Amino acid sequence: MNEKTLAIFENFKIRRHYDEAKETWYFSVIDIIAALINQPDFQMARNYWKVLKNRLNKEGSQSVTKCNQLKLEAADGKQYLTDVADTETLLRLIQSVPSPKAEPIKLWLAKVGYERLQETVDPEKSLNRARENWQKHGRSEKWIQQRMMGQETRNKLTDYWSEHDIKKGEEFAILTNVIHSEWAGLSVKDHKKIKGLKTQNLRDHMTEAELIFTALAELSTRQIAESENAKGMVENKEAGRQGGGIAGKARLELEQRTGKVIVSGENYLGRRKEPKKLH
């Protein structure tokens, strides 16, 4: 496990997963429960959560229904389906557990659960940290520059969405997939699949060309949305189709001209694939 999949509250290890599409952290409910009741024994914490979950279900609590299941790494190194919840849901669940650690863990969750947002307080520090991380993983300066420019384009688009009746999370993910499908000819999920990715950030494993076309699609989408003052999901979906379509046409034209496929199976996991020739 690494810092992206593990966080520490006092002496308790809290497993977590960041959903890039929804831009949301999910935490292991059992790990949070263990910290709350000060129970280092996993099975005891698991039993506590099982009883609590049944009680909350009988009471008709929505907190339980909002929990999801993701495969997280266990102590034996294997991955198992585990109940997870976002920060908002966990804050509600904590109310159901009598514990002197309730307030400290709420503050802790607010910090680690929203750390991606807090980076906007000191953007230069955030950018420098990202650059150093990419350098450590063998990215070229040219790639890093394109990745950072693409992120700025992405941020401007999501800022527009937030200001025009689009909810962060599920709706962001839907619109992102619309744009991606239009320019790339396949969904975000399928693009990750051909690259052999699971929980990794797709954009961190894009080629320079893929980053450029992603940025073009999102830039086009924002400018179209702005020109039409698009509001809500229906209007922004249409802007996404048009913006993504502009980049999609450019991709096809370049592929025809060069004979090389833009959407690539290349990644930075240690196995690379050469761009395929068009037949």
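The values are calculated or read from the model by the stated rules, or taken from the named source; none is laboratory data. All values derive from a computational prediction rather than experimental measurement. FYI the Cβ positions are ideal-geometry reconstructions off the backbone, even for glycines, and counts take in every protein chain you see.
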Do we find a residue being in contact with a helix residue (DSSP H, G or I) (Cβ under 7 Å, 6 or more places away or on another chain) and over 27 Å from Asp86 (Cα atoms) anywhere in the stretch 151-165? no
For the subset of the stretch 96-125 comprising residues that are small (Gly, Ala, Ser), in a helix (DSSP H, G or I) and surrounded by fewer than 16 Cβ atoms within 10 Å (Cβ to Cβ), which member is modelled with the highest pLDDT? Ala102
Which ones in the stretch 61-86 are of a type in the set (S, T, N, Q) and modelled with pLDDT of 85 or more? Asn68, Gln69, Gln79, Thr82
